[in-house]
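**Student:** Submitted below is the structure of interest, expressed as C-alpha coordinates.
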(Lines give C-alpha, C1' and ligand atoms only; values in the text may rest on other atoms or scores of the structure.)
Protein backbone atom coordinates (compact mmCIF):
# COMPACT_ATOMS: atom_id res chain seq x y z
CA UNK A 1 0.00 0.00 0.00
CA UNK A 2 1.50 3.32 -1.06
CA UNK A 3 0.82 6.52 0.87
CA UNK A 4 0.37 9.93 -0.73
CA UNK A 5 3.73 11.00 0.73
CA UNK A 6 5.34 8.67 -1.83
CA UNK A 7 3.01 9.35 -4.74
CA UNK A 8 3.15 13.14 -4.57
CA UNK A 9 6.95 13.29 -5.15
CA UNK A 10 6.58 10.62 -7.82
CA UNK A 11 3.97 12.63 -9.70
CA UNK A 12 5.77 15.96 -9.23
CA UNK A 13 9.38 15.03 -9.94
CA UNK A 14 9.63 11.33 -10.76
CA UNK A 15 11.09 10.45 -7.36
CA UNK A 16 10.58 6.73 -6.63
CA UNK A 17 9.94 6.14 -10.35
CA UNK A 18 11.74 2.80 -10.37
CA UNK A 19 9.84 1.58 -7.30
CA UNK A 20 6.44 2.66 -8.65
CA UNK A 21 6.95 1.32 -12.18
CA UNK A 22 8.32 -2.01 -10.94
CA UNK A 23 5.40 -2.33 -8.52
CA UNK A 24 2.88 -1.56 -11.24
CA UNK A 25 4.45 -4.17 -13.51
CA UNK A 26 4.42 -6.80 -10.74
CA UNK A 27 0.94 -5.82 -9.57
CA UNK A 28 2.16 -5.12 -6.04
CA UNK A 29 1.22 -1.42 -5.81
CA UNK A 30 -2.08 -0.63 -4.09
CA UNK A 31 -3.56 2.62 -2.92
CA UNK A 32 -6.70 3.59 -1.07
CA UNK A 33 -9.49 5.78 -2.27
CA UNK A 34 -8.41 8.16 0.51
CA UNK A 35 -4.99 8.60 -1.13
CA UNK A 36 -6.62 9.07 -4.52
CA UNK A 37 -8.79 11.78 -2.95
CA UNK A 38 -5.71 13.48 -1.46
CA UNK A 39 -4.00 13.43 -4.86
CA UNK A 40 -6.99 14.95 -6.65
CA UNK A 41 -7.43 17.56 -3.90
CA UNK A 42 -3.85 18.71 -4.44
CA UNK A 43 -4.03 18.75 -8.24
CA UNK A 44 -3.59 22.30 -9.49
CA UNK A 45 -3.64 21.81 -13.25
CA UNK A 46 -5.23 19.68 -15.94
CA UNK A 47 -1.83 17.98 -16.40
CA UNK A 48 -1.82 17.04 -12.69
CA UNK A 49 -5.32 15.58 -12.99
CA UNK A 50 -4.36 13.69 -16.16
CA UNK A 51 -1.32 12.18 -14.39
CA UNK A 52 -3.48 11.07 -11.47
CA UNK A 53 -6.07 9.60 -13.80
CA UNK A 54 -3.33 7.69 -15.67
CA UNK A 55 -2.09 6.28 -12.38
CA UNK A 56 -5.65 5.36 -11.41
CA UNK A 57 -6.21 3.52 -14.69
CA UNK A 58 -2.86 1.72 -14.37
CA UNK A 59 -3.82 0.51 -10.89
CA UNK A 60 -7.27 -0.69 -11.93
CA UNK A 61 -8.63 -2.94 -9.17
CA UNK A 62 -5.64 -2.11 -6.97
CA UNK A 63 -7.43 1.03 -5.77
CA UNK A 64 -8.94 -0.12 -2.49
CA UNK A 65 -12.16 1.26 -1.03
CA UNK A 66 -13.20 1.30 2.60
CA UNK A 67 -15.89 -0.90 4.10
CA UNK A 68 -17.89 -0.50 7.28
CA UNK A 69 -15.44 -2.60 9.29
CA UNK A 70 -12.57 -0.38 8.13
CA UNK A 71 -14.38 2.68 9.49
CA UNK A 72 -15.10 0.86 12.76
CA UNK A 73 -11.46 -0.11 13.20
CA UNK A 74 -10.32 3.42 12.35
CA UNK A 75 -12.67 4.76 15.00
CA UNK A 76 -11.30 2.28 17.54
CA UNK A 77 -7.75 3.41 16.68
CA UNK A 78 -8.61 7.06 17.19
CA UNK A 79 -10.41 6.26 20.44
CA UNK A 80 -7.47 4.23 21.77
CA UNK A 81 -5.00 6.96 20.89
CA UNK A 82 -7.16 9.65 22.49
CA UNK A 83 -7.65 7.61 25.67
CA UNK A 84 -3.91 7.03 25.92
CA UNK A 85 -2.56 10.52 25.08
CA UNK A 86 -5.50 12.88 25.41
CA UNK A 87 -8.01 14.47 23.13
CA UNK A 88 -7.23 14.72 19.45
CA UNK A 89 -9.04 16.13 16.44
CA UNK A 90 -10.07 12.99 14.57
CA UNK A 91 -10.32 14.79 11.24
CA UNK A 92 -6.61 15.64 11.44
CA UNK A 93 -5.70 11.94 11.57
CA UNK A 94 -8.52 10.16 9.78
CA UNK A 95 -6.86 9.91 6.35
CA UNK A 96 -3.68 8.35 7.81
CA UNK A 97 -5.67 5.93 9.96
CA UNK A 98 -7.79 4.86 6.97
CA UNK A 99 -4.68 4.27 4.85
CA UNK A 100 -3.19 2.14 7.66
CA UNK A 101 -6.42 0.17 8.09
CA UNK A 102 -6.66 -0.47 4.33
CA UNK A 103 -3.06 -1.72 4.22
CA UNK A 104 -3.84 -4.02 7.13
CA UNK A 105 -6.97 -5.36 5.41
CA UNK A 106 -5.11 -6.38 2.25
CA UNK A 107 -2.22 -7.84 4.26
CA UNK A 108 0.21 -5.37 2.75
CA UNK A 109 3.14 -3.31 3.88
CA UNK A 110 2.46 0.41 4.13
CA UNK A 111 5.11 2.43 2.26
CA UNK A 112 5.46 6.08 3.22
CA UNK A 113 7.89 8.96 3.61
CA UNK A 114 6.02 9.93 6.78
CA UNK A 115 7.18 7.01 8.92
CA UNK A 116 6.69 8.76 12.24
CA UNK A 117 3.01 9.48 11.64
CA UNK A 118 2.13 6.10 10.14
CA UNK A 119 4.15 4.07 12.63
CA UNK A 120 2.01 5.72 15.29
CA UNK A 121 -1.07 4.09 13.77
CA UNK A 122 0.75 0.82 13.22
CA UNK A 123 1.58 0.86 16.94
CA UNK A 124 -2.07 1.56 17.86
CA UNK A 125 -3.22 -1.25 15.57
CA UNK A 126 -0.74 -3.51 17.36
CA UNK A 127 -2.31 -2.56 20.70
CA UNK A 128 -5.65 -3.61 19.21
CA UNK A 129 -4.22 -7.00 18.25
CA UNK A 130 -3.40 -6.25 14.61
CA UNK A 131 0.03 -6.17 12.96
CA UNK A 132 0.96 -3.73 10.22
CA UNK A 133 4.45 -3.17 8.81
CA UNK A 134 5.37 0.38 7.77
CA UNK A 135 8.51 1.20 5.82
CA UNK A 136 10.09 3.72 3.53
CA UNK A 137 11.61 3.21 0.09
CA UNK A 138 15.34 2.60 -0.05
CA UNK A 139 16.62 4.34 -3.17
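The values are calculated or read from the model by the stated rules, or taken from the named source; none is laboratory data. Note that this is a predicted model, so its numbers are computed, not measured. For neighbour counting, all protein chains shown are included, and Cβ atoms are generated from backbone atoms with ideal geometry for every residue, glycine included.
**Student:** State the number of residues belonging to the range 38-54 that are surrounded by fewer than 14 Cβ atoms within 10 Å (Cβ to Cβ) and either in contact with a strand residue (DSSP E or B) (Cβ under 6 Å, 6 or more places away or on another chain) or within 18 Å of residue 98 (Cα to Cα) (or both).
**Tutor:** Counting residues in the range 38-54 that are surrounded by fewer than 14 Cβ atoms within 10 Å (Cβ to Cβ) and either in contact with a strand residue (DSSP E or B) (Cβ under 6 Å, 6 or more places away or on another chain) or within 18 Å of residue 98 (Cα to Cα) (or both) gives 2.
**Student:** Which members of the range 114-134 meet the condition of being modelled with pLDDT of 95 or more, farther than 13 Å from residue 77 by Cβ and surrounded by fewer than 16 Cβ atoms within 10 Å (Cβ to Cβ)?
**Tutor:** Selection gives 131, 133.
**Student:** Please find, among 29, 106, 20, the residue that is crowded, with 16+ Cβ neighbours inside 10 Å and either touching a residue at least 24 places away in the same chain (Cβ under 8 Å) or over 20 Å from residue 135 (Cα atoms) (or both).
**Tutor:** Details: 106 fails: crowded, with 16+ Cβ neighbours inside 10 Å; 20 fails: either touching a residue at least 24 places away in the same chain (Cβ under 8 Å) or over 20 Å from residue 135 (Cα atoms) (or both).
Matching residue, one of 29, 106, 20: 29.
**Student:** Return the only residue of 83, 90 being over 23 Å from residue 136 (Cα atoms), without any contact (Cβ under 8 Å) to a residue 40 or more places away in the chain and in contact with a helix residue (DSSP H, G or I) (Cβ under 6 Å, 6 or more places away or on another chain). Steps first, answer last, please.
**Tutor:** Values: 83 fails: in contact with a helix residue (DSSP H, G or I) (Cβ under 6 Å, 6 or more places away or on another chain).
None of the others qualify; the one that does is 90.
**Student:** Collect the residues in the range 57-72 that are at positive phi and surrounded by 14 or more Cβ atoms within 10 Å (Cβ to Cβ), keeping them in residue-number order.
**Tutor:** Going through the range 57-72, the residues at positive phi turn out to be 60.
Correct list: empty.
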